[in-house]
Amino acid sequence: MNRSRFGELEVLACAPEGEAHPVPLLFVHGAYTAAWCWQEHFMPWFAKAGFSSYAVSLSGHGQSRQRSQLDSYSISDYVNDLAEVVTALPVTPALIGHSMGGMVVQKYLEQADAPAAVLMASVPPQGLWSSAVGLMFRKPALLADLNQLLEGGLANASTLHDALFHKPVPPDDMRRYLRASQPESHRAIWDMTLFNLPMRSRMAPTPLLVLGAEHDQLIPPAEVRSTGSSYGVEVEIFDDMGHAMMLEDGWEPVAERIRDWLQENLAD
């Protein structure tokens with residue numbers, strides 16, 4: 001695993017040992033996290049599957065630029081980050097976005113083409129409002145804790161587990177995830193709720209895979225199905241999983257489904 005700089009953005013890279021698939025992959029993380037969430041399992045796994053993989057830390061996240069200015073960043077700024085990395089790569093990549101990263105991918109497709117795109121537990125094109133209202137009724141304490149994290153407070157292990165996972169997580173892993181979590185931009189959250197939602201009519205026609213998790217508290221299956229309905233594609237819901245589909249125990253079938261779909265939909 002290599003860490004490099006694309007301008008002022010942190011980008012992780014993982015290359016296969018042998019000949020690489022002609023189309024690389026670019027992973028886009030969700031809120032409260034950074035590129036590191038992809039290096040745990042997905043990036044090395046996809047490298048073994050023959051794909052060159054990259055993961056960007058959006059502005060204000062991880063080791064990317066101006067973390068102190070996090071609240072000034074909008075979804076449009078994150079889209080510009082994605083465009084900056086795509087432009088710097090030798091080949092236009094397939095895009096894989098999780099949660100907020102899925103929203104960034106959708107907005108990016110309003111201005112540019114991609115060979116293919118995968119939305120994992122993505123914010124739907126209708127935005128976060130329905131999810132937030134549902135969470136208020138289902139898990140009000142979790143919503144309150146997430147708002148505290150948004151304000152710069154410290155997450156606790158229980159909140160992080162409820163937000164991201166369904167199955168038990170080894171304590172050492174939870175501690176690492178807790179240390180790596182961070183606040184999110186208020187501006188970006190409001191953009192995803194009301195102010196900068198995707199416009200289907202502007203988006204480039206792109207092969208699209210939409211995935212969700214049965215026990216996702218943040219983007220429940222109904223919201224994933226709403227995404228699929230908006231784009232006219234079937235959705236796949238993985239049993240016995242929470243929101244963090246790339247980290248949860250049982251992530252391998254998710255990776256395998258993405259690999260198989262990419263092999264079917266990317267022209268060599």
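The values are calculated or read from the model by the stated rules, or taken from the named source; none is laboratory data. From a predicted model like this one, the values you see are computed outputs, not experimental measurements. In this analysis, Cβ positions are derived from the backbone assuming ideal geometry, glycine residues included, and neighbour counts consider all displayed protein chains. Heads up: the accessible areas ignore ligands, DNA and RNA and are worked out on the full protein's heavy atoms, side chains in. Shrake-Rupley method; radii C 1.70, N 1.55, O 1.52, S 1.80 Å.
Some values worked out for this structure:
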{"quantity": "Complete set of residues in the stretch 135-172 that are among the small types (Gly, Ala, Ser) and either touching a Ser or Thr at 6+ places or on another chain (Cβ under 8 Å) or at pLDDT below 65 (or both)", "calculated": "Ala141, Ala144, Gly152, Gly153, Ala155"}
{"quantity": "Unique match (being more than 21 Å from Val224 (Cα to Cα) and among the aliphatic types (A, V, I, L, M)) among Ala47, Ala31", "calculated": "Ala47"}
{"quantity": "Single unsatisfied condition, Thr227 versus (1) out of contact with any His (no Cβ under 7 Å at 6 or more places or on another chain); (2) open to solvent by 30 Å² or more (accessible area, probe 1.4 Å); (3) modelled with pLDDT of 95 or more", "calculated": "(2)"}
{"quantity": "Meets criteria (touching a helix residue (DSSP H, G or I) at 6+ places or on another chain (Cβ under 8 Å), surrounded by 22 or more Cβ atoms within 10 Å (Cβ to Cβ) and closer than 25 Å to Met203 by Cα) for Ile237", "calculated": "no"}
{"quantity": "Where a residue in the stretch 179-190 is closer than 14 Å to Gln66 by Cα and its partner, wherever it lies, is open to solvent by 20 Å² or more (accessible area, probe 1.4 Å) and among the acidic types (Asp, Glu), with Cβ under 6 Å and at least six apart", "calculated": "Ser185/Asp71"}
{"quantity": "Residues satisfying the stated conditions in the stretch 211-261, i.e. in contact with a Leu (Cβ under 8 Å, 6 or more places away or on another chain), under 19 Å from Val28 (Cα atoms) and not in a loop (DSSP other than H, G, I, E, B)", "calculated": "Leu211, Val224, Thr227, Val254, Arg257, Ile258, Trp261"}
{"quantity": "Of residues in the stretch 252-268 being open to solvent by 30 Å² or more (accessible area, probe 1.4 Å) and in contact with a His (Cβ under 9 Å, 6 or more places away or on another chain), the one modelled with the highest pLDDT", "calculated": "Glu252"}
